[in-house]
Each structure stands twice: as C-alpha cells, then as structure tokens.
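Colleague: The structure under discussion is supplied below as structure tokens; questions concerning it will follow.
Please treat every number below as a calculation from the coordinates, not as lab data. What you see is a predicted model, and the numbers here were worked out from it, not measured in a lab. Backbone-built Cβ (ideal geometry, glycine too); neighbour counts: all protein chains shown.
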Amino acid sequence: MKTTVCAIICAAGKGFRAGFEKNKLLVPLDGERVLKKTLCAFDFPLIDEIVIAAAQDDLAEVSALAAAFPSAKVVLGGETRSLSVYNALKEAQADIVLIHDGARPFVTREIIEGCIQSVKAFGSGVCAIDCTDTIAVCDGEYIKSVPERKSLRQIQTPQGFYRENILFAYERALENGDVCTDDSSVFAIYCGKPRLCAGARENMKLTYAQDFESGAARCGFGVDTHAFGKAQDYIVLAGVKIPSDSGLVAHSDGDVLAHALMDALLSAAGLRDIGFYFPDTSDKWKGANSMQMLALVMEMLGEKGYGVQNVSIAVQAEKPRLAKYIEEMKNALSSALKIDPTAIGITAGTNEGLGYIGEGKGITVNAYVLLK
C-alpha cells in the first residue's frame, strides 16, 4: 500500500519584522507572491495533499490563491504557530506530514524528497544545515558561553513525521502549555529524538524586508516608430512638447519615446506588449496621454514586485533637434519611474540622411531597462 504524504504550509503569521502592511507571504517576490512560490515547490506527484493554515484576515486571498492547486485546501490557523499546525494536522489525511514555513519559497524537490525518505527510514526528518558562524549563549549584553560549533545545526523546514506521532505530540504539548518554536521540539519532548536530514543554505526563511530584495536582474528592450504627418506644430517625447514642423501620427498622443519605454518595461516583467493593454482599436486610448499610460504600466510592475533600476534610451530623429530638451525629458521620466534622473540616459542622434529617418519621415526610439 502506498504511503501518502501531506505538505502542511504555515501561512497564518503576519511577519511583523518584515514591516509590510500585509502578510509577507502575500507580497510579490520576483514577480510572484511568496506563498504561491512555496505551493509550487510542493506541487508534484509525491505530495498527495497540501493543507494551508491561514489567518482569518487572509482567508479569502489565500483561498483564491490555493484554488490553482487541485490538491490544496485551506484551514483557519490559530493565535500561535503551534495552534495553526495542530489545526492543519487534524485536517490532513495522509500517513506522512511535512510541516513547512510558507516563508521558505526556495525549498527544492531534492530537499523535500530527502525529508520524506528520512521519515520512512527513521520516523522523522528535520532539515538542517551546519553552522558556519560561532554561536554564543548570552547573558544580557555579555557572552556567557560558546558551545562547540560542530555539535550545532541550523534547523529549517520542512520537518517530516508520521502524522499520528506528531499529532499526538501536539495534543500533549497544547494540553501541558508547552512553548516550542518548531515541530521538532514538540516531537523531541513526546516522541523521541528527531532525525536530521539535509537542508540547504538556499532554503532561507524570508524574515526581514531586505530578504525580499532579490539580486536577480530583469532586463527589457523596447522599440517604437512613428511617422510624421499629423497637423500640429509639435511632437511629444516623454511628455515634453517639442516644436516641430508636424506631429507624429498615432492613435494616442504619439509619444514614441514613452511607447518604446513601456514596451521595454512590460517585456522585462514578462508581460504582454502595449498593443495588448492599450489597443489602437479602442476609443479609450484615442488621443491618450502616454505618460498616464506609462503610469499604468508602472502599477502593473508594482503588482508583480518590480521597480526600475535604470533606463537607457536612444532616439533616432533627423528633426527636430532634441539636445536642449533632454534634461526636461529625463526629469519627467524620473517622476514617472520613481528613480533619480542620473539613472536615466537619453541620447539623440540622426541617421546621417539615410532611410526614412534620414529623410525626415519619422522617428524611431530604442529603450533598454533594468528592473529590480
């Protein structure tokens, strides 16, 4: 008979140390909410069910997120982590449970499989890594003692057990009012010595705001072209009106610079192009202010957890001359992108009389962005 496995995801905390206005697990990280990343890590055939313990305030949002995972169910958490785990244990049906912090989205399949194998072989599996720093026992601001480092381990999750054993341990712990910081501590009191298994340094717990600052860079490239021919005596670049013999033909205001930049931003975030979000077949965007459209793109990026690191823009135009307007354009983009003007580069060049640009028939803009 197959031994079934349940992943219990602890998601009922608030994560006050991170300083966010909402549960840190519902904050985006690299374009996806933390809890969804964690659920994806456990969404593979060895895991038969997933039980998520969520706070009352987050129940609706967590339930909506969990709906994408057929094997997942959401239960109401408790006032403490122990109560949340206990509620989830009562709901779980599997033989083995892996109890995991929702704030550890980088757990790998290798770690999870190793934890399961440890439970099957030894009755428990507690992920841990070696301590590389010296750990001190302190008395106030003074060091009281320094344990031998080779006997210390840094405990992580998942922590795996047979469900009936860890449920028994939690029932006794709650009856006796025991205060334990993790599941292995409860197991150690009422069941026996927990067995360690391999964790990984990458399997970090997101605790503080800086933990959400990914080092991964996302770059994007955008290009747009508009032809001259509109009956007006100016063009618009980055929201700046620049005198011209004629305007640029477009469904919106023809801000070719803003359009190229928007495509670069959307591309870097893995989103669709501006034609998808602002179609030229819609009256809504007819004559629209492109800087307002850019603001909407920035909102899309914000929802995915991205900000702009820097921007490099090359404008190719035989006319009009743009040199004296570049600082004004940089300042306008600085406000729109919420970055310092020094993080924005705009160059303007001609096409040496060649092609449609050199003949003064249109303007092309190339935009490159780096997201953080």
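Colleague: Can you classify region 276-340 as rounded, prolate or oblate using the Cα gyration tensor, where a ≥ b ≥ c are the square roots of its eigenvalues, rounded means a/c under 1.5, and otherwise it's prolate if a/b beats b/c and oblate if not? Please report the intermediate quantities before stating the final value.
Modeller: Working: a/c = 2.29, a/b = 1.18, b/c = 1.95.
Oblate.
Colleague: Per residue of region 308-318, what does 6.51 cos²θ - 1.76 cosθ + 1.60 with θ = phi - 60° give for ³J(HN,Hα)? Whole Hz please, x for Gly and Pro, Karplus curve as stated.
Modeller: 8, 8, 7, 9, 10, 10, 10, 9, 10, 8, 6
Colleague: Out of residues 5 or more away from residue 234 or on other chains, whose amide H comes under 5 Å of its own, with H placed 1.01 Å from N in the peptide plane?
Modeller: Amide H neighbours of residue 234, under 5 Å, 5+ apart: 244, 247.
Colleague: Sequence-distant or interchain residues sharing an amide H contact under 5 Å with residue 29, placed H: which?
Modeller: Hits under the 5 Å cutoff: 34.
Colleague: Taking each pair of distinct Cα atoms in region 260-371 once, what is the resulting Kirkwood hydrodynamic radius in Å? Don't skip to the end; give the middle numbers.
Modeller: Values: mean 1/r = 0.0663 Å⁻¹.
Across region 260-371, the inverse of the average 1/r is 15.1 Å.
Colleague: R0 = 45 Å: FRET efficiency of residue 171 with residue 310, Cβ-based, nearest 0.05?
Modeller: Details: r = 56 Å, r/R0 = 1.24.
Efficiency at R0 = 45 Å is approximately 0.20.
Colleague: If the cut-off is a Cα-Cα distance under 17 Å, which lysines reach residue 36, setting aside same-chain residues fewer than 8 apart in sequence?
Modeller: Excluding near neighbours in sequence, the set is 14, 22, 24, 73, 205, 304.
Colleague: Okay, next question. Which far-off residues, 5 or more places away or on another chain, put their amide H under 5 Å from the one on residue 74, with H placed in the peptide plane?
Modeller: 52
Colleague: Here's something else I'd like to know. Cut-off under 24 Å on the C-alpha distance; same-chain residues fewer than 8 positions from residue 361 excluded. Which lysines are left, in chain and number order?
Modeller: Answer for residue 361, where 24 Å is the Cα cut-off: 230, 241, 286, 319, 324, listed by chain and number.
Colleague: Return the distance in nm (one decimal) between the two label points of a simple spin-label model at residue 181 and residue 272, each offset 7 Å from Cα along Cα→Cβ.
Modeller: Each label point lies 7 Å from its Cα, and together they span 4.9 nm.
Colleague: Is region 96-196 rounded, prolate or oblate when judged by the Cα gyration tensor, a ≥ b ≥ c being the square roots of its eigenvalues, rounded requiring a/c under 1.5 and prolate requiring a/b larger than b/c? Kindly include the intermediate steps, with their values, before the conclusion.
Modeller: Working: a/c = 2.05, a/b = 1.32, b/c = 1.55.
Oblate, because a/c is 1.5 or more while a/b does not exceed b/c.
Colleague: Evaluate the Debye formula for region 5-212 with equal point scatterers sitting on the alpha carbons, no solvent, and hand back log10 of I(q)/I(0) at q = 0.15 Å⁻¹, in q order, two decimals.
Modeller: So the normalised log intensities are -0.96.
Colleague: Work out from phi, with θ = phi - 60° and the Karplus expression 6.51 cos²θ - 1.76 cosθ + 1.60, the ³J(HN,Hα) of each residue of region 336-352, listed in order in whole Hz, and give x for Gly and Pro.
Modeller: 5, 8, 6, 9, 5, x, 5, 8, 10, x, 10, 10, 10, x, 8, 10, 6
Colleague: Gain in length, residue 144 to residue 251, computed as 0.36 nm per residue apart minus the alpha-carbon separation, to one decimal in nm?
Modeller: Numbers: separation 107, 0.36 × 107 = 38.52 nm, distance 7.25 nm.
Value of the extension gain: 31.3 nm.
Colleague: For region 129-250, what is the convex hull volume of the alpha-carbon atoms per residue, in Å³?
Modeller: Working: hull volume 35.8 nm³, N = 122.
Convex hull of Cα atoms, per residue: 294 Å³.
Colleague: Cβ under 13 Å from residue 322's Cβ, residue 322 left aside: what net charge do those residues give with Lys, Arg +1 and Asp, Glu -1? If you can, show how the numbers build up before the last one.
Modeller: On the way: positive: 241, 319, 321, 324, 330; negative: 318, 327, 328.
Net charge around residue 322: +2.
Colleague: Who wins for biggest fluctuation among 107, 223, 126 in a Gaussian network model of the chain, springs between alpha carbons below 10 Å?
Modeller: 223
Colleague: Compare the Cα positions of 227, 186, 212 along the charge dipole of region 80-227 (+1 at Cβ of Lys, Arg; -1 at Cβ of Asp, Glu; about the Cα centre) and return the one farthest towards the positive end.
Modeller: 186
Colleague: Only Cα pairs within less than 10 Å get springs; with that Gaussian network setup on the chain, which residue of 246, 151, 185 has the largest fluctuation?
Modeller: Largest GNM mean-square fluctuation: 151.
Colleague: Of the beta bridges DSSP finds with both residues in the chain, what % are antiparallel, to the nearest 5? Walk me through the intermediate numbers first.
Modeller: On the way: 39 of 65 bridges.
Taking every DSSP beta bridge within the chain, about 60 percent pair in antiparallel fashion.
Colleague: Over the Cα atoms, compute the radius of gyration (one decimal) and Dmax (the largest Cα-Cα distance, rounded to a whole number) for the chain, in Å.
Modeller: Rg, Dmax (Cα atoms, Å): 27.9, 86.
Colleague: Continuing with the same structure: What residue among 200, 11, 121 has the largest mean-square fluctuation in a Gaussian network model of the chain, using Cα springs under 10 Å?
Modeller: Sorting by GNM fluctuation, first place goes to 121.
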